[in-house]
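Below is one structure, written out as structure tokens; comments come after it.
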Amino acid sequence: MQKLVINGGKKLSGEVTIGGAKNSTVALIPAAILSNTPVVLDSVPQIRDVKNLRSILKDMNVTSEMNNDVLKIDPTNIQFAELPSGKVSSLRASYYFMGAMLGRFGKAVVGFPGGDDIGPRPIDQHIKGFEALGAHVENRHGQIIITAPEEGLKGAKIFLDMVSVGATINVILAAVKAKGTTIIENAAKEPEIIDLATFLNNMGATIRGVGTETIRIEGVDTLRSNNAHTIIPDRIEAGTYLSLAAANGGDILVKNIISEHLDAFLAKLDEMGVNLEVGEDSIYVKPSPNLKAVNIKTMPYPGFATDLQQPITPLLMKASGEAMIVDTIYPKRVKHISQLTKMGANITSENDLIFVHGGAQLKGANVSADEIRAGACLMIAGLLADGQTVIDHAENILRGYDQVVWKLHCLNADVKLIGEDDLV
Ligand SMILES: CC(=O)N[C@H]1[C@@H](OP(=O)(O)OP(=O)(O)OC[C@H]2O[C@@H](n3ccc(=O)[nH]c3=O)[C@H](O)[C@@H]2O)O[C@H](CO)[C@@H](O)[C@@H]1O
Ligand SMILES: C=C(OP(=O)(O)O)C(=O)O
């Protein structure tokens, strides 16, 4: 277990640069096995999810090498391997090996994915998609065994019952080399899906309509990578630092941002009265003394991201009045509430509604980061609180926050990680 020790209450200032998007990266790494040539990814975040995915690649005889933020993946000597639970359960995105292995080998044996404990996370739509393409899917004691027919996968029309990032990506990965045309209706529109499609299209795939609710894929025989792919900036990491900056009240510049990806989030900051200067690829947060409470409802992109409802909570605690949060994607995503209460926050949850009351002065406490964004929320709260906060299970934060201790030091924060491991 890792602990993040924070001596809070300091005014922060300076610059922080956002890394590549975790949710793109964790799809791009499995997607790399579809290539017949080595793949180079640029702007790769140094996070535990990347480390774990690289370890899974190794089990398939796929080599990878990381130098700073450049990751080279060589799948030319790939061998089929079963991926039982264990490593696979260390993260959610291991489920992308289902679609990618199906595309590469016509079969996949993958344990049930792990990831954040944020309520039920079924994968029925992924399975429905694979079956529509002709695959046979069996759940044998938690191992998902997926087999394409002898003649290979065949394009099909798939209507997703709900908007799902994971199912949309998994169907793309399986369909990109299937015979004929696949149409995904009610597809998710997240920027990370566009990033993945850009990567695949540059390797010879034909994927159209990504970013709309209808995606059309014409299957191709081979994919070959010719140039490095630069991963888009992480909009959730950006939102986390913007929330910290606004709540702390210091002068902070957040660099490497695509502000359009944060439209719903920035609209809420604006409504709250946060003083922002939005530049071409950066946002400067100025002191904002009179913050107002706002209500938040999380929705699929381009709505307010569920992954930002916890990171914005400490900022809501700085506003006057009561804010209400409804997380329509993960209504049970409330692991931060009991921990914030230990720090003196006035926050409650009832019937899947979260009520945040402004005005309480936070005090340092011993808390636990039971999932990534709960951890990010507690990290911000710890930086705002008087005294020392110790966050247990900080490994959940490191799962998706690139070089977080170093970045916080750049802002002059007093933080220390106990039990550091090598993420590269
Ligand atoms: C690695 C990654 O990119 N993770 C993101 C991805 O997770 P993930 O891809 O797992 O989330 P989905 O978009 O699939 O989930 C959206 C909703 O659909 C439900 N659902 C989904 C699939 C399915 O087969 N059946 C089903 O019922 C889920 O329980 C959830 O309520 O999108 C989430 C929603 O924006 C984000 O919080 C995660 O950070
Ligand atoms: C829920 C998240 O991640 P994952 O889907 O990888 O568990 C997240 O990034 O907030």
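When DSSP beta bridges are restricted to pairs lying wholly in region 313-424, around 70% turn out antiparallel. Taking the average, over residues, of other Cβ atoms within 10 Å as the packing measure, peptides 121-132, 406-417 rank 121-132, 406-417 from highest down.
Between helix 191-202 and the chain there is an angle of about 30 degrees, using the helix long axis and the longest principal axis of the Cα atoms. Given a 10 angstrom Cα cut-off, can you work out which residue in R104, R140, R399 is the most mobile in a GNM of the chain? It is R140. Shape class of region 308-374 from the Cα gyration tensor (axes a ≥ b ≥ c, square roots of the eigenvalues): oblate, since a/c reaches 1.5 or more and a/b does not exceed b/c. Angle of helix 372-384 to the longest C-alpha principal axis of the chain, folded into 0 to 90 degrees and rounded to 10: 20°. Exceeding 21 Å between C-alpha atoms, which entries from my cross-link table qualify? They are K189/K297; K189/K407; K154/K177. Pairs exceeding 21 Å: K189/K407.
In order along region 133-148, the Karplus-derived 3J(HN,Hα) couplings, from 6.51 cos²θ - 1.76 cosθ + 1.60 at θ = phi - 60°, round to 7, x, 6, 9, 10, 10, 9, 9, 6, x, 9, 9, 10, 10, 10, 7 Hz, and Gly and Pro are given as x. Is the shape of region 225-315 best called rounded, prolate or oblate, per the rule: a/c under 1.5 gives rounded, else a/b larger than b/c gives prolate, else oblate, with a ≥ b ≥ c the square roots of the Cα gyration tensor eigenvalues? In terms of gyration-tensor shape, oblate.
Placing a pseudo-label 7 Å from each Cα along the Cα-to-Cβ vector at T17 and E82 gives an inter-label distance of 4.5 nm. In this simple spin-label approximation, H409 and F159 carry label points 7 Å from Cα along the Cα→Cβ vector, and these lie 5.5 nm apart. Once the chain from M1 to N226 is taken as fully extended at 0.36 nm per residue, the excess over their C-alpha distance is 77.0 nm. Computed on region 304-374, with alpha-carbon pairs under 8 angstrom and 6+ residues apart, the relative contact order is 39 percent. Relative to the longest principal axis of the Cα atoms of the chain, the long axis of helix 263-272 makes an angle of roughly 10 degrees. In plain terms, the chain from K128 to E322 could stretch by 65.7 nm, reckoned as 0.36 nm per residue minus the Cα-Cα distance. DSSP beta bridges confined to the chain are antiparallel in about 70 percent of cases. Here the gap between A360 and N201, fully extended at 0.36 nm per residue and compared with their Cα-Cα distance, gives a gain of 52.2 nm. Sorting the Cα pairs of region 22-230 by distance into bins of 5 Å, from 0 upward, gives 1, 8, 17, 22, 23, 17, 9, 2, 0 percent per bin. The charge dipole of region 280-386, taken about its Cα centre with unit charges on the Cβ atoms of Lys, Arg (+1), Asp and Glu (-1) only, comes to about 220 debye.
Straight-line cross-link partners of K87 among the lysines, defined as a Cα under 20 Å from its Cα and at least 8 positions apart when in the same chain: K22, K51, K58, K107. Normalised by the number of residues in the chain, the average gap of Cα pairs under 8 Å and 6 or more apart makes the relative contact order 22 percent. In terms of overall dimensions, region 178-265 has a Cα radius of gyration and Dmax of 17.1, 55 angstrom.
Taking the three principal axes of the alpha carbon atoms in region 285-424, the coordinate ranges are 40, 31, 29 Å, sorted in descending order. Seen from all directions on average, the chain presents a Cα convex hull projection of 18.2 nm².
Dipole magnitude for the chain: about 320 debye, using +1 per Lys or Arg Cβ and -1 per Asp or Glu Cβ, origin at the Cα centre. Equivalent ellipsoid of region 67-161: semi-axes from √(5λ) of the C-alpha gyration tensor, largest first, are 22, 19, 14 Å. For region 22-230, the share of DSSP beta bridges that are antiparallel, to the nearest 5, is 75%.
Rounded if a/c is under 1.5, else prolate if a/b is larger than b/c, else oblate: which is region 252-304, with a ≥ b ≥ c the root eigenvalues of its Cα gyration tensor? Oblate, since a/c reaches 1.5 and b/c is not below a/b.
Other residues whose C-beta falls under 14 angstrom from the C-beta of G249 contribute a net charge of +3, scoring Lys and Arg +1 and Asp and Glu -1. Taking the accessible area of the chain, probe 1.4 Å, and keeping the other protein chains in place, the carbon and sulfur fraction comes to 47%.
The values are calculated or read from the model by the stated rules, or taken from the named source; none is laboratory data. If you're wondering where the values come from, they're calculated on a predicted model, not measured in any experiment. Because the Cβ atoms are built from the backbone with ideal geometry, glycine has one as well, and the counts that use them run over all protein chains shown. These area figures cover heavy atoms from the full protein model, side chains too; ligands, DNA and RNA do not enter into them. Shrake-Rupley method; radii C 1.70, N 1.55, O 1.52, S 1.80 Å.
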